[in-house]
Number of protein chains: 2
Amino acid sequence: MTHFDLVVVGTGSGNSILDSRFADWRVAVVEKGVFGGTCLNVGCIPTKMFVHTAELAAAPAAGAKLGVDAELKGVRWSDVRDRIFGRIDPIAVGGREYRLAHADNANVTVFEGTARFTGKRELEVALRDGSTRSITADRVVLAAGGRPVVPAGLEDVPFHTSDTIMRLDELPARMVIVGTGFVAAEFAHVFSSFGVDVTVLGRSGAMLRQEDADISARFTELARQKWDLRLDTTLTGSAVVPGGIRVDLADGSSVETDVVLVAVGRQPNSDLLNLPAGGVDVTTTGHVVVDRTQRTSAEGVWALGDISSPFELKHVANHEARVVQHNLLNPDSPIEADHRFVPHAVFSSPQVAAVGLTERAAKAQGLRYVSATQDYAGIAYGWAMEDTSGFAKLLADPVSGQLLGAHIIGPQASTLIQPLIQAMSFGLDARSMARGQYWIHPAMPELIENALLNLPLD
Amino acid sequence: MTHFDLVVVGTGSGNSILDSRFADWRVAVVEKGVFGGTCLNVGCIPTKMFVHTAELAAAPAAGAKLGVDAELKGVRWSDVRDRIFGRIDPIAVGGREYRLAHADNANVTVFEGTARFTGKRELEVALRDGSTRSITADRVVLAAGGRPVVPAGLEDVPFHTSDTIMRLDELPARMVIVGTGFVAAEFAHVFSSFGVDVTVLGRSGAMLRQEDADISARFTELARQKWDLRLDTTLTGSAVVPGGIRVDLADGSSVETDVVLVAVGRQPNSDLLNLPAGGVDVTTTGHVVVDRTQRTSAEGVWALGDISSPFELKHVANHEARVVQHNLLNPDSPIEADHRFVPHAVFSSPQVAAVGLTERAAKAQGLRYVSATQDYAGIAYGWAMEDTSGFAKLLADPVSGQLLGAHIIGPQASTLIQPLIQAMSFGLDARSMARGQYWIHPAMPELIENALLNLPLD
């Protein structure tokens, strides 16, 4: 039984807590997989590298109507994949080496294995070599993340999740994606841009249905033009057949494919940690319960990121890691996490970005609000791009002008959202935002300027 | 001699002043060319339509190193051009028809010709049909814009300016661009992306030398890889030669080309207006002198846009038009134009955007400042794009954290600058801006977040 000042479980955002200010703490780090967590290894970072590559692959097709004749000759899948993981894998390896061997980490012990609580701030780690180690600590940080959920009906066939799909040996001709959320939307974009025939299966009637209804509807309409959408149905079974995999649907139809990608959602890794033994409460969705300072129900135990946050976003996990870091170092003056205006983006085609309330949520909360939209087609840069489908939608309080929600579907959505995040975070009202600063003409942010001016404020 | 309540000279931003609130004013509008002004017809709008098309043409070449093999087969110049002017020309025509014939404009008389002052608020308009009309007015708004400057040495050859280059009959094989500013940088990008061999001639040693020196240096370095840059030299003469045009330089060399584009700068159209007769003062650069309410030295005469503004930017002209509009309607409660934080962008490759002071200007003003840069290569989306040359550079007051200047060179620069414009305009300090809002990971605005965090503030 070795005792530590601090144990951090998970090396995603949790790993960023340790800096020189912890140099005289005895610290243990537990990692069951590769260093760096979901974002670096199987999430945001590699997916965006694939997405950018997909956009280059899609560009030739977009040129013809503008007078530019270009042809996509081919996508060298193994080069694409190896370029991406050739950058990422060494970072994960380097992160591990740093904690294991660098002089900065003389105070840090790394346990490579899976931790389980055996008591209050008492953990048993099943190491990869089959042995176990028991450790205790004054403080424990749970940053063990989450993993993809796998639905029933795929027991008899090979399938991929976001953990493995980016490392395929070769590009398939056909892919069935089970799920309609952001992971499905991003991979459908990537693989269809690379020439793969994509079928999307969903239980609901729309893609990205957690977005504002107008955004979801527009995205679904555009998706239908590119992908074979099988919505309002469920997967009932599947089988290996000559030449591929057959996926059976509740409506009696079936789809043959080469590769199945499961993207129906993620679940927190809380179930792996035997949390009841540690006195750590979880919600019905399996998320560790935390207060606003990121403390769990167990004295001395903090949590952050996907294991406790329903947002499942790296920028939220990083923010929470800074909060936990501060609160570990300054127990007498804890700070609170700020979850008021958490934005997100979907790097599909088109891009989607949002912050704040959907119209549905504003209604459900009984808020007074006004809304306005602005099409890309109505601003000069949108003309230049011949964009005919993108728009921004804003919700605001009609009296104060405070922005309640912002939703964008179209080019650069994930960049265009930032001034709106900033306005909401610092309480800048819509009218002042529109007229109290310059908007470069004819740059893309005129979309936001015009959406703001369209709001029918009192 | 007809008398009006208001005469507006120029139909660019000046044209936007007239709305329903002027319905019972007797108004005259004078336009010597096409309706809509520089931006719509020969400036921001068509150039950006060409720039976006150029980006599609340039995309295939960018793919190879990322594993995407695409080929540019050709650019159908006449289709590109006709698509663009097929959208723009009808808007100019429609704008003219609206003022001439629409019931909304029953109170508006249009004079198509060139106006000259003959006295205080007294103008003579030389109409296109050769006749002249004399008019007087209680109020005059000068919004007559500017035009390209043509340097010596081109007396014996045909040449283009930004007024004509976009309407070429066919794409030339070779183009010499005289000038190194933003117009030169944008057209060099457009035509080289379309396959034209571009030579850029400049008197100074760098392109975009009005930008921060680090931005100008990086842009010049990248330009040198694509275009034949002949800097630190001057045009001494030119001649028509078999097969094209020869341009002679001060260093004794010469360049043969098919088309010469002059892009050395613009001058206000103030010299066409016989301003001394109207009592309207101009600066040594020919700009009409205005106070902060956009009033000129002559009672009842206002000016706005390129004729009075050294910024020569549409968003500034539009802002000033709103100020003049307010002040015409509310003479007892005039408002002032806000020229504190005027941003601009150069839609070349790479893009450049900036707001506030260059480091050179901060030094010249004796300001205390700190600066920081952040490379695109150091943020996740920059990795995804394999960008190795872009960066953001910020200047801030080390004590207050108030941003003094922001300069970006790289993808989406003209969009990424907006949160910085917003912060400067509303007095949000750098540290609060960085940490008081979320930045979507891994989206492009992380460039700004990291540049802010890099500032060595007290």
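The values are calculated or read from the model by the stated rules, or taken from the named source; none is laboratory data. Computed from a predicted structure; not experimentally measured. Cβ placement follows ideal geometry from the backbone for every residue including glycine, while neighbour counts extend to all protein chains displayed. Side chains are part of the model used for accessible areas, which takes the heavy atoms of the whole protein and leaves out ligands, DNA and RNA. Shrake-Rupley method; radii C 1.70, N 1.55, O 1.52, S 1.80 Å.
Given the criteria more than 30 Å from residue B:197 (Cβ to Cβ), crowded, with 16+ Cβ neighbours inside 10 Å and away from chain A (no Cβ under 14 Å), does residue B:266 qualify? When the stated conditions are applied, residue B:266 does not pass them. Against the test of being of a type in the set (Ser, Thr, Tyr) and out of contact with any strand residue (DSSP E or B) (no Cβ under 8 Å at 6 or more places or on another chain), the options A:414, A:425 yield a single qualifying residue, A:425. Here residue B:132 meets the list (1) hydroxyl-bearing (Ser, Thr, Tyr); (2) within 12 Å of chain A (Cβ to nearest Cβ); (3) in contact with a strand residue (DSSP E or B) (Cβ under 7 Å, 6 or more places away or on another chain) almost entirely, failing just condition (2).
Looking at residue B:55, is it open to solvent by 20 Å² or more (accessible area, probe 1.4 Å) and either of a type in the set (Gly, Ala, Ser) or under 24 Å from residue B:113 (Cα atoms) (or both)? Working first, answer last.
Values: open to solvent by 20 Å² or more (accessible area, probe 1.4 Å): yes; either of a type in the set (Gly, Ala, Ser) or under 24 Å from residue B:113 (Cα atoms) (or both): no.
Criteria not met by residue B:55.
Take the range A:413-436 and flag every residue that is of a type outside the set (Gly, Ala, Ser), surrounded by fewer than 24 Cβ atoms within 10 Å (Cβ to Cβ) and farther than 16 Å from residue A:341 by Cβ. A:431, A:435 - these are the residues of the range A:413-436 that are of a type outside the set (Gly, Ala, Ser), surrounded by fewer than 24 Cβ atoms within 10 Å (Cβ to Cβ) and farther than 16 Å from residue A:341 by Cβ. Residues in the range A:185-193: is at least one buried (at least 19 other Cβ atoms within 10 Å of the Cβ), on the phi < 0 side of the Ramachandran plot and assigned to a loop (DSSP other than H, G, I, E, B)? No, the range A:185-193 has no match at all. Inspect the range B:19-29 for any residue being under 30 Å from residue B:346 (Cα atoms) and in contact (Cβ under 8 Å) with a residue 24 or more places away in the chain and give the result as yes or no. No, that holds for no residue.
Note on the range A:73-89: among residues that are of a type outside the set (A, V, I, L, M) and within 7 Å of chain B (Cβ to nearest Cβ), the one that is nearest to residue B:56 (Cα to Cα) is A:73.
The residues of the range B:69-81 that are surrounded by 15 or more Cβ atoms within 10 Å (Cβ to Cβ) and within 30 Å of the chain's Cα centre (by Cα), listed by number, are B:72, B:75, B:76, B:77, B:79, B:80, B:81.
Of all the listed residues (A:57, A:70), the sole one being facing chain B (nearest Cβ under 7 Å), in a helix (DSSP H, G or I) and of a type in the set (A, V, I, L, M) is A:57. Checking the stated criteria, residue A:47 turns out not to satisfy the condition of being within 23 Å of residue A:263 (Cα to Cα) and away from every other protein chain (no Cβ under 11 Å). Go through the residues of the range A:5-14 one by one and say whether even a single one is away from chain B (no Cβ under 14 Å), in a strand (DSSP E or B) and of a type in the set (Gly, Ala, Ser). No - not one qualifying residue is present in the range A:5-14.
Please enumerate the residues belonging to the range A:214-263 that are surrounded by 17 or more Cβ atoms within 10 Å (Cβ to Cβ) and of a type in the set (Lys, Arg). Listed by number, the residues that qualify are A:218, A:230, A:246.
The residue that is farthest from residue B:178 (Cα to Cα), counting only those in the range B:269-284 that are among the aliphatic types (A, V, I, L, M) and buried (at least 21 other Cβ atoms within 10 Å of the Cβ), is B:280. Test residue A:400 against the criterion of being out of contact with any Leu (no Cβ under 6 Å at 6 or more places or on another chain), outside any helix (DSSP H, G or I) and more than 30 Å from residue A:47 (Cα to Cα), and give yes or no. Taking the combined requirement at face value, the residue satisfies it.
Spot the failing condition for residue B:291; the list is (1) over 23 Å from residue B:118 (Cβ atoms); (2) more than 26 Å from the chain's Cα centre (by Cα), and only one is missed. Condition (2) is where residue B:291 drops out.
When A:122, A:112 are screened for being touching a Leu at 6+ places or on another chain (Cβ under 8 Å), open to solvent by 30 Å² or more (accessible area, probe 1.4 Å) and not aliphatic (A, V, I, L, M), only A:112 passes. From the list A:367, A:275, A:357, which one is of a type in the set (A, V, I, L, M) and either assigned by TED's automatic domain parsing to the domain that holds residue A:143 or free of Cβ contacts under 8 Å to residues at least 24 places away in the same chain (or both)? After applying the criteria, what remains is A:275.
Residue B:361 falls short on exactly one of the conditions (1) loosely packed, with under 15 Cβ neighbours inside 10 Å; (2) under 30 Å from residue B:27 (Cα atoms), and that condition is (2). Taken over the range A:386-412, the criterion of being open to solvent by 30 Å² or more (accessible area, probe 1.4 Å) and charged (D, E, K, R) is satisfied by A:386 alone. With a requirement of 1 or more residues that are touching a Ser or Thr at 6+ places or on another chain (Cβ under 8 Å) and either of a type in the set (Ser, Thr, Tyr) or within 8 Å of chain A (Cβ to nearest Cβ) (or both), the helices (runs of 4 or more DSSP H) lying completely within the range B:411-453 that satisfy it span B:413-416, B:418-426.
Of all residues in the range A:294-337, exactly one satisfies the criterion of being open to solvent by 50 Å² or more (accessible area, probe 1.4 Å) and touching a Phe, Trp or Tyr at 6+ places or on another chain (Cβ under 9 Å), namely A:295.
Out of A:266, A:224, one residue alone is modelled with pLDDT of 95 or more and closer than 30 Å to residue A:289 by Cα. It is A:266. From the list B:88, B:84, B:45, the lone residue that is buried (at least 23 other Cβ atoms within 10 Å of the Cβ) and either free of Cβ contacts under 8 Å to residues at least 60 places away in the same chain or not in a helix (DSSP H, G or I) (or both) is B:45. Those residues that are open to solvent by less than 20 Å² (accessible area, probe 1.4 Å) and either part of a helix (DSSP H, G or I) or within 7 Å of chain A (Cβ to nearest Cβ) (or both), I need them from the range B:18-36; list them, please. Correct list: B:22 only. For first residues located in the range B:284-299 and in a loop (DSSP other than H, G, I, E, B), partners that are among the hydroxyl-bearing types (Ser, Thr, Tyr) and open to solvent by 50 Å² or more (accessible area, probe 1.4 Å) and lie 6+ apart or on another chain with Cβ distances below 8 Å form the pairs B:289/B:283; B:289/B:297. Considering the conditions (1) aromatic (Phe, Trp, Tyr); (2) open to solvent by 10 Å² or more (accessible area, probe 1.4 Å); (3) more than 18 Å from residue A:341 (Cα to Cα), residue A:376 is excluded by exactly one of them, (2).
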